[in-house]
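All remarks here apply to the structure that follows.
No value in this document is a laboratory result; all are computed from the given coordinates. These figures come from a predicted structure and were not determined experimentally. When we count neighbours, we look across all protein chains shown, and the Cβ atoms used for this are built from the backbone with ideal geometry, even at glycine.
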Amino acid sequence: MELRIGYIPLPVALLLLAALISLGLTGPLPSDLTVMIPLLALGACVLALIGERIPLLNQLGGPVILCTFVPAYLVASKLMPEAMSKPITEFWKSSNFLYLYISTIIVGSILSMDRTVLIRGFLKIFVPLAIGSIVAGAVGTLVGWALGLGAWHSFFFVVIPIMAGGIGEGAIPLTIGYADILHQPQGELLAQVLPPIMLGNLTAIIGDNDAKGEYRAGYSIWLFRAK
């Protein structure tokens with residue numbers, strides 16, 4: 001039980017795998033909660049474990065990169081059986097599981113912090129954080145506008161996603177809001193903001209911890225445009 005695939009103990013993972021294979025052999029997988037949660041958790045843990053073991057990639061967010069792009073590639077290339085991809089799609093659309101995930105991760109993160117440290121730290125960093133965010137947003141938008149992306153697109157689809165805090169806490173809730181406002185599919189909007197987010201994270205890592213946060217958004221847009 002101490003050997004784990006991600007957070008799942010190895011014996012439990014093997015039992016889940018056997019159960020899922022057995023269900024798959026009898027027909028399409030059900031799209032209910034009791035089947036989809038083990039399937040998605042097991043798949044994510046396996047991909048995250050692989051991402052942690054690949055040299056260099058594990059320093060660039062390998063687990064997140066693999067969990068994001070490998071399933072998308074498998075579906076796009078039709079390597080994932082429809083008996084598996086269709087129930088997953090139905091589950092996400094019918095259950096609104098993303099809303100539970102977002103509220104849990106954001107509220108849980110805040111509640112897990114020490115109250116005293118949170119208040120003191122917030123008071124100390126509020127002013128420089130606010131100024132840095134304004135400058136970073138302005139620089140990134142100006143660079144995108146100068147390179148022909150347009151100020152509106154640069155700000156909302158490049159700068160804001162990069163500054164939003166990653167994929168789980170940033171891109172997913174951000175694109176859910178965009179989808180409601182713009183009346184477009186959330187998946188298509190997520191596909192638009194993922195490349196600049198990944199490139200922004202990579203640029204920040206390459207720029208080292210001493211890099212100025214104000215320049216990251218603008219520099220990332222420059223690289224994105226150059227690509």
Expressed in angstrom and rounded, the centroid-to-centroid distance over alpha carbons for segment 97-174 and segment 181-204 is 13
For the chain, using Cα atoms only, the Rg and Dmax in Å read 19.9, 59
How far is helix 172-182 tilted off the main Cα axis of the chain, in degrees rounded to 10, range 0 to 90?
80
What's the tally of Lys pairs in the chain whose alpha-carbon atoms lie under 29 angstrom apart, where the two lysines are 8 or more places apart or on different chains?
5
About its Cα centre, the chain carries a charge dipole, from +1 on Lys and Arg Cβ atoms and -1 on Asp and Glu Cβ atoms, whose size in debye to the nearest 20 is 280
Size of electric dipole in segment 80-128: Cβ of Lys, Arg +1 and of Asp, Glu -1, about Cα centre, debye, nearest 20:
280
Burial-style ranking of 117-130, 20-33, average other-beta-carbon count within 10 Å with highest first, yields 20-33, 117-130
